[in-house]
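A short worksheet on the structure shown next.
Just so you know, all these numbers are worked out from the coordinates, no wet-lab data involved. Keep in mind that what you see is a predicted model, and the values were worked out from it rather than measured. We place every Cβ from the backbone using ideal geometry, glycine too, and count neighbours over all the protein chains shown.
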Amino acid sequence: MDFKIRAAKQEDCKEISRMIIELAVFEKMQDQVKISTQELERDGFCSSPRFECQVAEVSEEHKSSQGYTVVGFVLYYYTYSTWMGPTVFMEDLYVMPEYRGKGIGKGLMSKVAQVGKEKQCTRLQLAVLDWNTRSLDFYIMKGARNMTASEGWHALRFDGEALDKLAAEAPKDYKSDLDTN
Amino acid sequence: MLKLRKAEPRDVPDILRLIKELAKYEEMEDRVLLTEKDLLEDGFGEHPFYQCILAEWQEEQSNEEPKVIGFAMYYFTYDPWTGKLLYLEDFFVVEEFRGKGIGSEILKLLSHLAMKTRCGSMHFIVAEDNRSSIEFYKRRGAEDLSKEEGWRLFRFDKDSILKMAAPAEE
């Protein structure tokens, strides 16, 4: 089956939003999805985009049972390692179940690697759930290393009340250019 | 007396010094390949990859220049479920100045910056054998997503990226 990998356009946000939810359902965390198509459009297609996105598209004759031709996506952004410089973080990679096993996931990831290479990124990082053995195997086969297993890195987060509480006690005299963010 | 301020281009030598001290603390000092020139271009050029807060200390009634004794480097990332996030990449206070609440002050300022820029949360990674840091964060309400939700951090290095980026016919 032929497919095309291309940079996402603003009008793709509706399909991307749909697939973000499908991926969250697969990860058993769909109640954590809070943002809308409009917010994706605003954050991805403004003057300082917060992320980049590539989509996988098939022709009309191969559209899904529900009529979709955009059947996969990868969402990524640039981060920074104080040891090595610019890196790319692959936040979401997803192919609809009926389109798996055809090289689409590999194609999307290759595109991110290409883009990362053009931007002089020395690393491509991502996070995978420990029970998602199919994905773990896919990435390891392509040369990824499990940094949690090998070096003990854990991902931590402050949100909700804990974040509010810390913020309320911040020093008041700090000057920054927050309007650039 | 402590002062927290935004880093400027002139601070790049101090930033690199502290990056190396943190790497040494993590027993990975030889992995720091960045130079002052890289830090200058990457942080203070047209499209900065990072933001940096510095902690300066000046002894009371001293004529000496304030010393840079801590830093936090951060940038903004994106969660397709909740939107903008603040990602804390490096966070360090030199050994002789620990235990004075400086780390706490930096963390509070970062949280304030996160809220002000509409970030839903603040993320970072910690090595699991770094017990004192993990306790520091957990005491203040951080959740360990690797432990609680099973997230594993994966990395492709440069060789793997080049291999994947080479065009292949599907």
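Quick look at the values:
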item	result
Eligible aspartates and glutamates near residue B:158 by straight Cα distance, threshold 18 Å, same-chain separation 8 or greater	A:118, B:30, B:38
Whole-Hz couplings from phi, Karplus 6.51/-1.76/1.60, listed for the stretch A:47-62; x for Gly and Pro	6, 10, x, 7, 7, 10, 8, 10, 10, 10, 10, 10, 6, 3, 5, 10
Point-charge dipole on Cβ atoms (K/R +1, D/E -1) for the protein assembly as shown, about Cα centre, debye to 20	440
Relative exposure of A:138, A:89, judged by other C-beta atoms within 10 Å (fewest first)	A:138, A:89
Likely footprinting exposure, B:30, B:79, fewest C-beta neighbours within 10 Å first	B:30, B:79
Antiparallel DSSP beta bridges within the protein assembly as shown, as percent of all bridges there, nearest 5	90
Rounded to 5, the percent of DSSP beta bridges in the stretch B:1-123 classed as antiparallel	90
Percent RCO, i.e. relative contact order, over chain B, from Cα pairs under 8 Å lying at least 6 residues apart	16
Relative contact order (percent, whole number), the stretch B:44-88, Cα cutoff 8 Å, 6+ residue spacing	31
Percent of beta bridges antiparallel (DSSP, the stretch A:14-169, rounded to nearest 5)	90
Ranking of B:160, A:47 by count of other Cβ atoms within 10 Å, fewest first	A:47, B:160
Qualifying trypsin sites (Lys or Arg not before Pro) in the stretch B:102-151, DSSP loop, other Cβ atoms within 10 Å at most 14	B:118
Residues whose placed amide H lies under 5 Å from that of residue B:79, excluding near-sequence neighbours	B:84, B:85
In the stretch B:1-61, GluC sites (Glu not before Pro) in a DSSP loop with at most 11 other beta-carbon atoms within 10 Å	B:27, B:46, B:59, B:60
Largest-first principal axis extents, alpha carbons of the protein assembly as shown, Å	79, 38, 37
